[in-house]
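Student: Let me give you the structure first, and then I'll get to my questions.
The values are calculated or read from the model by the stated rules, or taken from the named source; none is laboratory data. The model shown is predicted, which means the values in this text are computed figures rather than measured ones. Cβ sites come from the backbone with ideal geometry, for glycine too, and all protein chains shown count toward neighbours.
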Amino acid sequence: MTTLDRDWLAAAPPRLRRALARVARGHGAPWYLAGGAVRDWLACRACRDLDLTVARGAVACARALARELGGTCVPLDQEQGVARVVWQGWELDLADFREATTTIEADLGRRDFTVNALAVAFDPESGGLLAPYRLIDPTGGAADLARGRIRLTHAGALRADPLRLLRAHRFAATLGLAIASDTARRITAEAALLAGVARERIAYEFDLIVASPRAAATVAAMAADGLLWQVVPELQAGAGLAQPASHHLDVFGHNLAALRAMEEILVDPGARFPDHGPALAAYAAGGRRSLWLKWAALCHDLGKPACHAVRNGRITFYNHDREGARHFVAMGRRLRWSREAVTRVSRFIELHMWPFHLCNARRKTGITPRACLRLVRAAGEELPGLFLLAMADSLAGAGPGKPAGMEAELAALYAEVDRVWQESIRPVLEQPRLLNGHDLLARFPLAPGPQLGKILASLEAAQVAGEVASRDEAEAWVAAFLAGRRAGKSD
């Protein structure tokens, strides 16, 4: 008999234990703690998300528990008898036995994977686990967990809920487990079932995979069993598509290598940007940025297949950055991602070649404050992320035609752009304009319209370049600018 090493509920707040005990006693039928919490306890990990299983009446129990705690009850599936109680950072899911089963063993046998088909009885007297904390394990989940593998509970598990195709990879990514060979073969055989799953559910699981520390390895496994092409068919077009001499991998292999490089960079940005490690780490830790950066790395060359051409015996992908951004927007909408996520990631993709172009210019002639300003305007607050993406892109290419020292160049370029930002751009942008649109209309023969914005932007660039420092100088600069325009000169 396998047992847990302790009553893991003993660490729960006393109020929660008392409420669980009162509702369980009132319900009368046995309660069980099941699923992920038991799996985590077996691996000696504490958990604040609990799955409680009862033969019947789970939704009513959830409502009673929410009243006891003063928490919130959210019905998840009235027909299947599933509800969630949220209270002070705890989430407790209460569910009826699955598929009209009548015993806990039968219920566990209808779950997705053996490592999740684990339970232990709840003690309604103590408000904890029922001693001696015997593990209910009808499918051998404890042994699979010890062996580090994900295995289906039964042959029909994927057809019962095709999202489990993706969840297998999600658990492999987040738990550090490997998918058993027989389960992997079944995923390959039934990958097409995923087409019938709601896009929102797919996007949620895939985000968890990409956010995990094993994203690249998991995406590679999904490509191997064909599941990736069901989720992101846009990536498949890059498989087998050769690249110029600066690359050693095909387009898809390069995208995957960029994701792997991004994972490594995010662990320690200072290893690649020695002067900016803490600042870049703080930037990447904000909000969902690390997830967006990983998606950008995986999809940064999404536009290459559509832009592929051979000119004079040379492979080219002109404008693949803009085309890739367009493809990503369509993909993000299909997967029902948030507008913010689609906008941020597609912007990274659209701009990802800019640091390389600036590196080329810097190598030949150096770069001006105006060039730095154009980049800062384009990238905005995501400037650090753009350089993290460029670094991942560079690390993913190792062909014989790649310029030597590219990563060092990118780090040096970022240091220079950051210095110009701090010394020249930021002081200009943070102070009031020397002239505004009203000033231009009052002082010069101009009409309202887009031209005013263009003049002000050009004046701002002149300030950054140190050509203008006062209102009088600004007026003289605008007068000369307009005279040059009238004479047919470009700015």
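Student: Find the residue count for the stretch 183-212, including only residues that are surrounded by 15 or more Cβ atoms within 10 Å (Cβ to Cβ) and either assigned by TED's automatic domain parsing to the domain that holds PHE328 or in contact (Cβ under 8 Å) with a residue 12 or more places away in the chain (or both).
Tutor: The qualifying residues number 20.
Student: For the stretch 78-87, give me each residue that is surrounded by fewer than 20 Cβ atoms within 10 Å (Cβ to Cβ) and in a loop (DSSP other than H, G, I, E, B).
Tutor: GLN78, GLU79, GLN80
Student: Quick one: TRP41 ticks every box in (1) crowded, with 18+ Cβ neighbours inside 10 Å; (2) not assigned by TED's automatic domain parsing to the domain that holds GLN88 bar one, so which box is it?
Tutor: (2)
Student: Continuing with this model, one more query. Quick one: which of ALA258, ALA180, ALA172, ALA215 is in contact with a His (Cβ under 7 Å, 6 or more places away or on another chain), surrounded by 18 or more Cβ atoms within 10 Å (Cβ to Cβ) and modelled with pLDDT of 95 or more? Show your work before the answer.
Tutor: Details: ALA180 fails: in contact with a His (Cβ under 7 Å, 6 or more places away or on another chain); ALA172 fails: in contact with a His (Cβ under 7 Å, 6 or more places away or on another chain); ALA215 fails: in contact with a His (Cβ under 7 Å, 6 or more places away or on another chain).
Testing whether each residue is in contact with a His (Cβ under 7 Å, 6 or more places away or on another chain), surrounded by 18 or more Cβ atoms within 10 Å (Cβ to Cβ) and modelled with pLDDT of 95 or more leaves just ALA258.
Student: Exactly one condition in (1) closer than 30 Å to PRO355 by Cβ; (2) touching a residue at least 24 places away in the same chain (Cβ under 8 Å); (3) not assigned by TED's automatic domain parsing to the domain that holds ARG370 is false for ARG471; which is it?
Tutor: (1)
Student: Looking at TRP90, is it among the aromatic types (Phe, Trp, Tyr), within 35 Å of the chain's Cα centre (by Cα), at negative phi and surrounded by 16 or more Cβ atoms within 10 Å (Cβ to Cβ)? Break it down stepwise before answering.
Tutor: Numbers: among the aromatic types (Phe, Trp, Tyr): yes; within 35 Å of the chain's Cα centre (by Cα): yes; at negative phi: yes; surrounded by 16 or more Cβ atoms within 10 Å (Cβ to Cβ): yes.
Yes: the conditions hold for TRP90.
Student: Further question: Hey, GLU416 hits all of (1) touching a Phe, Trp or Tyr at 6+ places or on another chain (Cβ under 9 Å); (2) within 16 Å of LEU375 (Cα to Cα) but one; which does it fall short on?
Tutor: Against the list (1) touching a Phe, Trp or Tyr at 6+ places or on another chain (Cβ under 9 Å); (2) within 16 Å of LEU375 (Cα to Cα), GLU416 comes up short only on (1).
Student: Right, next: Could you run through the stretch 100-127 and say how many residues are within 24 Å of VAL23 (Cβ to Cβ) and assigned to a strand (DSSP E or B)?
Tutor: Matching residues across the stretch 100-127 total 5.
Student: Tell me, please, whether a residue that is in a helix (DSSP H, G or I), farther than 29 Å from ARG199 by Cβ and either over 18 Å from the mean Cα position of the chain (by Cα) or not polar (S, T, N, Q) (or both) can be found in the stretch 347-355. Break it down into steps so the answer makes sense when it comes.
Tutor: Residues of the stretch 347-355 in a helix (DSSP H, G or I): 347-351, 354-355.
In the following step, the residues that additionally are farther than 29 Å from ARG199 by Cβ were identified as 354-355.
Going one step further and asking which of them are either over 18 Å from the mean Cα position of the chain (by Cα) or not polar (S, T, N, Q) (or both), we end up with 354-355.
Yes, the stretch 347-355 contains at least one residue that is in a helix (DSSP H, G or I), farther than 29 Å from ARG199 by Cβ and either over 18 Å from the mean Cα position of the chain (by Cα) or not polar (S, T, N, Q) (or both).
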